[in-house]
Amino acid sequence: MMMDPNGYFAVAIPVIYAAALAVLGVGLVYYAVQTLDAVSKLIEQSFARVKKRPKYKSKTELHHIVAQKAGKAEPARRILEKVGIGVNDKENLVRIKTGLHRRLHTTKYYQAVNTIIGSVYNTKYGRKVNRKRVVAALEAIRTWLEVQSFLSPF
């Protein structure tokens, strides 16, 4: 556990980041973090605009990292299919707070996921290597989502 520079209490999972670094390399992990940082800012702004806390049926919802049906998620979905991962497979799922989930499905989020998944897939590698790379990218995004969920007010 650690404190981020803004003073928020954050949970980091260094093992996941280490695995992502080993598979993807420093450049791609840095790029993923920068890409998702823009999404974080939009989410933070959305929560800041809330005047009255909504009442949801459930505190959490199951989120598909690569969206199940959204047209804007098609590029990443095609890559998942190429490496043998279904949108409903455990590698692509994460439980997050409902308030975060409702704010997440934006063009910026789809672009970030498409970019990250697209940047790790390379036709020069075989299916097995590409699958490992895609799973590592999904794990990095999952870790980011878990931290966002932890920091989200609802």
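Read-outs throughout are calculated quantities, based only on the coordinates presented, and are distinct from any laboratory measurement. Remember, it's a predicted structure, so these values are computed and weren't measured experimentally. Cβ atoms come from the backbone with ideal geometry, glycine included; neighbour counts cover every protein chain shown.
Things to note:
- Interchain or long-range residues, amide H under 5 Å from residue 60's placed H: 98
- Whole-Å distance, taken between Cα centres, linking segment 129-143 and segment 43-112: 16 Å
- With θ taken as phi - 60° and the Karplus curve 6.51 cos²θ - 1.76 cosθ + 1.60 applied, the whole-hertz 3J(HN,Hα) list for segment 123-129 is 5, 6, 9, x, 4, 5, 5 Hz, x standing for glycine and proline.
- Approximate spin-label separation residue 47-residue 78, in nm, with each point projected 7 Å along Cα-to-Cβ: 3.5 nm
- Across the cross-link table entries 55/90; 57/82; 52/108; 51/82; 55/82, which are compared at the Cα atoms, the separations over 32 Å belong to 57/82; 51/82; 55/82.
- FRET efficiency for residue 33 and residue 123, using Cβ-Cβ distance with R0 set to 25 Å, rounded to 0.05: 0.50
- Exposure proxy ranking, count of Cβ atoms within 10 Å, fewest first, for 146, 139: 146, 139
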